[in-house]
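Take a look at the structure set out below.
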């Protein structure tokens, strides 16, 4: 790197993710994109820099063996070790830094779940840290950012040219990051990232251009985007849509007529209204759309195939039972449900007060966290059958992944 020839770099990889926001039982750093674990992509990228001589991966103690097995899959020209992290990211990075064995000039800290950071970004960050003491990559804000009170009131509009979204890797002259983390540990200061700790300790931090591709994989949608970007970068075909691995997306849609003398059930919730939906079962249009989305994603046909209206056992049956059976069928086919997003087209009644209960009922039926189920309701402005109050419809999209 320009102006930094011969410097010795040690890297700390923060790998403490648990997969909560990913709605996955597998920690996100161990999920695969382009047929490799995310952690392995990240470590390979860092080890490609000639100046990096040591990599320390800080992660929960119970994940050490798995991480060590992953990084040993490829022979890399750098010493790699795994150490037990702490109760939060800063404590984990602190433990990683204190476990560096080499006499490093620069210490670089990187998120395990940013596998798409390119060489140019790392070189820019390391060069700036060598010259100025500390550096981070950032992207200038392209949208207006507001400071908002916890009650939702806009407090201020900072100048957009001053605002940057900060990424990793972040790099620091070794003594600067060591002393800053040690002091923060001693005085119980908790920063939002390593650069905030270094600034709190009185050091300046420079920002260099980051990369829009350097995404942090946090939610299921990030995983899909990273899969496509990594496929373009490596030439390895995307796993999406393949039977043996990867992700599948399904779409479901259902319609039912409104009639009198029938209860209105949506998402397993009884809605107070003067009409209900016509159908052989409870005619829960929302649950039916979700069933079709999941069956479609797994390539298992549709709801009519599995729960025909010619079967007397399905008469007046709760559609939440359909959802539970669909979940089992998807599971038996080797798939795991990640999330569901659904929209109800309804003119009346107003559904907003009932949506939290619908989300919970569907989440329970699918064995998902409530955050993995999103439901929206919209009118059709008086247009078509829904707008005239003659019926209701629902559409749903589901994302599943190989177990």
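Select from the range 252-277 the residues that are touching a residue at least 12 places away in the same chain (Cβ under 8 Å), in a strand (DSSP E or B) and within 22 Å of residue 364 (Cα to Cα) and list them in ascending order.
Scanning the range 252-277 gives 252, 253, 254, 264, 265, 266, 269, 271.
What is the one condition in (1) within 26 Å of residue 26 (Cα to Cα); (2) modelled with pLDDT of 95 or more; (3) touching a helix residue (DSSP H, G or I) at 6+ places or on another chain (Cβ under 6 Å) that residue 193 does not satisfy?
Residue 193 satisfies every listed condition except (3).
Would you call residue 56 assigned by TED's automatic domain parsing to the domain that holds residue 120, buried (at least 21 other Cβ atoms within 10 Å of the Cβ), modelled with pLDDT of 95 or more and touching a helix residue (DSSP H, G or I) at 6+ places or on another chain (Cβ under 9 Å)?
When the stated conditions are applied, residue 56 passes them.
Residue-wise test of (1) in a loop (DSSP other than H, G, I, E, B); (2) in contact with a helix residue (DSSP H, G or I) (Cβ under 7 Å, 6 or more places away or on another chain); (3) crowded, with 20+ Cβ neighbours inside 10 Å.
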residue	(1), (2), (3)
62	no, no, no
65	no, no, no
80	no, yes, no
86	yes, yes, no
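Do you know which residues across the range 278-287 are buried (at least 24 other Cβ atoms within 10 Å of the Cβ) and touching a residue at least 40 places away in the same chain (Cβ under 8 Å)?
Passing the criteria: 285, 286, 287.
Considering (1) modelled with pLDDT of 95 or more; (2) within 24 Å of the chain's Cα centre (by Cα); (3) assigned to a strand (DSSP E or B), say which one residue 249 fails and leave the rest.
The failed condition is (1).
Tell me which of these residue 31 doesn't satisfy, since it passes every other one: (1) modelled with pLDDT under 85; (2) surrounded by 17 or more Cβ atoms within 10 Å (Cβ to Cβ).
(1)
Being touching a residue at least 12 places away in the same chain (Cβ under 8 Å), assigned to a helix (DSSP H, G or I) and closer than 24 Å to residue 9 by Cβ: is that true of residue 233 here?
yes
Identify all residues within the range 88-100 that are under 22 Å from residue 50 (Cβ atoms) and either assigned to a loop (DSSP other than H, G, I, E, B) or outside the structural domain of residue 46 (by TED's automatic domain parsing) (or both); write none if there are none.
Listed by number, the list holds a single entry, 100.
Does the range 354-369 contain at least one residue that is surrounded by 17 or more Cβ atoms within 10 Å (Cβ to Cβ), on the phi < 0 side of the Ramachandran plot and out of contact with any strand residue (DSSP E or B) (no Cβ under 7 Å at 6 or more places or on another chain)?
Yes; the residues of the range 354-369 include at least one that is surrounded by 17 or more Cβ atoms within 10 Å (Cβ to Cβ), on the phi < 0 side of the Ramachandran plot and out of contact with any strand residue (DSSP E or B) (no Cβ under 7 Å at 6 or more places or on another chain).
The values are calculated or read from the model by the stated rules, or taken from the named source; none is laboratory data. A quick note: this is a predicted structure, and the numbers were derived from the prediction, not measured. Virtual Cβ from ideal backbone geometry, glycine too; neighbours counted across all protein chains shown.
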